[in-house]
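The numbers here are math on the coordinates, done by the rules we state, and not lab data. Model, not experiment: these values are computed from the prediction. Here the Cβ positions follow ideal geometry from the backbone for every residue, glycine too, while neighbour counts run over all protein chains shown.
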Amino acid sequence: MALLDDLNRKILRLLQEDCDISLDALAKKVGSSKTPVWNRIKKMRKNGIITRQVALVDATSVGLGETFFVAVRTSKHDAVWLKAFTEAVFSIPEILEAHRLTGDIDYLLKIQVSGTADFDRVYQDLISRISLYNVTSSLSMETLKSTTALNV
C-alpha cells in the first residue's frame, strides 16, 4: 500500500484507461518526467500491483454477444470436489469469471457465448465434469456498466 501515493494512483488510473498511452503523454498528464514515471511503473509491476497488460475485445464484434450468469449450489464442500470444480472452470474458456460466494449461492460464473445453443454446449460440458446440486442460469439482457478499471 505504501507504493500507492497520489502520483502512482494517477499513473494507474491513466494506464487502466489506455495502457498504450505513450510514456511522454503519460508523464505530461501526471505532471512528471518520463524517467520517474517509468521507474514507478516498473516498481509497481515488480511488486504485483500491475499484474499484466491485455487487449480488451468487444464480445459482440467477435460473435460472442451473449452473457450468461450461472448461480451454482453444491452439496459438497470438500477439497476433492473443489479441485475438480476449479479444474473444470479453468478448462472451459467460455467461463470468464468464477466467484465463490457467501449466502445461498456457492459460486457465480460469468459465461460469454454466441447464443443459447452455445451456452447449452458449455453447460452440458460443465455438468459432465462435475456434480452440482443446483444450477440457475440468467441471460444478461443489457450491460449497463462494464469496466476493468479499479478505483485506485
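Only one item in [x] -0.52, -0.80, -0.99; [y] -0.36, -0.59, -0.77; [z] -0.62, -0.84, -0.94 matches log10 I(q)/I(0) by the Debye sum over Cα atoms at q = 0.11, 0.14, 0.16 Å⁻¹ derived from the coordinates shown, and that item is [z]. Remark: relative contact order (the chain) = 28 percent; criterion is Cα-Cα distance under 8 angstrom and separation of 6 or more residues.
In a reduced charge model with +1 at each Lys and Arg Cβ and -1 at each Asp and Glu Cβ, the chain shows a dipole moment near 980 debye about its Cα centre. Fewest-first ordering of PHE85, PHE90 by other beta carbons within 10 Å of each residue's beta carbon gives PHE90, PHE85.
Taking other C-beta atoms within 10 angstrom as a stand-in for reagent exposure, SER91, SER128 fall in the order SER128, SER91, fewest first. Close Lys pairs in the chain, defined as Cα atoms under 21 Å apart and 8 or more places apart or on different chains, number 15. Over the Cα atoms of the stretch 6-46, the radius of gyration divided by the Kirkwood radius equals 0.90; this is the Rg/Rh ratio.
The residue among GLY48, SER146, VAL62 whose Cα reaches farthest toward the positive pole of the charge dipole of the chain, with charges on the beta-carbon of Lys, Arg, Asp and Glu, is GLY48.
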